[in-house]
Amino acid sequence: MNLPNKITVSRICLIPIFLIIMLVPFDWGAYTIGNVELPIQHLAGAIVFIIASATDWIDGHLARKHNLVTNLGKFLDPLADKLLVSAALITLVDLHFVSTWIAVVIISREFAVTGLRLVLAGTGEVSAAKMPGKIKMWMQVIAISAYLLHDVPFNLIHIPIAEISIWIALIFTIISGWDYFWKNREVFVNSK
């Protein structure tokens, strides 16, 4: 397993750490910024989530720079993204930060695209993420991070960055899902 793939696996390994920090009832206190009380537990969860999310850029950069792009990496990288985002969104629903229906739409798209990728892999094709999917992923990361940080520092200038970015993420989730299925529709048309 090459270094980019090991970094991708580390992203998957950070998910249980994130969940423990966010869901085990620790009382670490809070830090007040402006008029927002930011629980230290949420700050710690945000740090782990942001580090895990940053590995997405690092593994991709290293794979392309050193010509280490593999089919395993093309499979593991989006899977790690989907697992991380799904775990974070379910956590945010549990904390009453994100509406259940938004999380369901986003996670459903992730399952659907993963299923399509498995069908494509069965035909010998491995499809890497396209630009709408990358925008979708980064908007999800921004939204989740902003929710975990209670919109700090944007709360100081009264910009609800978490709400804005989750809606943009939702729009790109739908667009990128549609794009992915439309571009690969022949797999269904030509199947028996």
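Sort His96, His66 so that the residue with the fewest other Cβ atoms within 10 Å of its own Cβ comes first and the one with the most comes last.
Result, fewest neighbours first: His96, His66.
Just name one of Phe26, Val93, Val9: the one whose Cα is farthest towards the positive end of the charge dipole of the stretch 3-189 (beta-carbon charges, Lys/Arg +1, Asp/Glu -1).
Val9
About its Cα centre, how strong a charge dipole does the chain have in debye, to the nearest 20, once Lys and Arg get +1 and Asp and Glu get -1 at the Cβ?
It comes to approximately 820 debye.
Just to verify a number: FRET efficiency for Trp101 and Ala121, C-beta to C-beta distance, R0 = 25 Å, to 0.05?
Numbers: r = 30 Å, r/R0 = 1.21.
Plugging the Cβ-Cβ distance into 1/(1 + (r/R0)^6) gives 0.25.
Mind checking which of Ile20, Ile12, Ile40 has the largest fluctuation in a GNM of the chain, springs on alpha carbons under 10 Å?
Taking springs between Cα atoms under 10 Å, the residue moving most is Ile20.
With springs only between Cα atoms under 10 Å, which of Ile107, Ile166, Ile51 fluctuates most in a Gaussian network model of the chain?
Most flexible of the set in this elastic network: Ile51.
Using only the alpha carbons of the stretch 38-116, what is the convex hull's orientation-averaged projected area in square nanometres?
6.1
By count of other Cβ within 10 Å, fewest leading, how are Glu110, Glu37, Glu186 ordered? If you can, show how the numbers build up before the last one.
Values: Glu110 22, Glu37 12, Glu186 9.
With the sparsest Cβ surroundings first, the list reads Glu186, Glu37, Glu110.
Quick one: Debye curve from the alpha-carbon atoms of the chain only, equal weights, vacuum; give me log10 I(q)/I(0) at q = 0.10, 0.19 Å⁻¹ to two decimals.
-0.44, -1.33
Using label points projected 7 Å from each Cα along Cα→Cβ, tell me how many nm separate Arg185 and Ile40, to one decimal.
For Arg185 paired with Ile40, the spin-label model returns 5.5 nm.
Pick out, in residue order, every one of the chymotrypsin sites (Phe, Trp or Tyr not before Pro) in the stretch 1-76 that is DSSP loop and has at most 15 other C-beta atoms within 10 Å; say none if there are none.
Counting only loop positions with at most 15 other Cβ atoms within 10 Å, the chymotrypsin sites (Phe, Trp or Tyr not before Pro) in the stretch 1-76 are Phe26, Trp28.
Bear in mind these aren't lab numbers, they're just calculated from the coordinates by the rules spelled out. Keep in mind it's a predicted model, so treat the numbers as computed, not measured. Backbone-built Cβ (ideal geometry, glycine too); neighbour counts: all protein chains shown.
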